[in-house]
Amino acid sequence: MFIDEHKHRWGIEPICRVPSENTGREDVEAATVQWVHWFDTERVHGILDYRTPTEIETAYYAQPPAAPAA
């Protein structure tokens with residue numbers, strides 16, 4: 001299962017590679033969880049200056065805390 005990033009819709013290509021083994025609901029759920037994890041942590045995003053969300057989060061938390069406003 002994947003989302004076609006250009007059309008923003010679900011597809012089935014990765015699940016159908018071995019149809020006899022990957023057709024159950026649990027398989028679809030597992031593929032969706034894997035895709036969401038990849039998209040949320042490993043995928044390079046143009047809007048993030050071609051960095052991964054994990055890189056952005058790590059850089060954010062590495063900054064010193066902001067001083068409280070007076």
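The numbers here are math on the coordinates, done by the rules we state, and not lab data. Note that the structure is predicted; figures quoted are calculated from it, not measured. Neighbour counts run over all protein chains shown; Cβ positions are idealised from the backbone, glycine included.
Values for this structure:
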read-out: In nm, spacing of pseudo-spin labels at W35 and T58 (7 Å Cα→C-beta vector); value: 2.7 nm
read-out: Sorted peptide list for 44-51, 61-68, 30-37, criterion being average Cβ within 10 angstrom, highest first; value: 30-37, 44-51, 61-68
read-out: Cα point-scatterer Debye curve for the range 24-65, base-10 log of I(q)/I(0) at q = 0.22 Å⁻¹; value: -0.71
read-out: R51 long-range amide H proximity, modeled H, under 5 Å; value: H45
read-out: Cβ-Cβ FRET estimate between E42 and A66, R0 fixed at 25 Å, reported to 0.05; value: 0.30
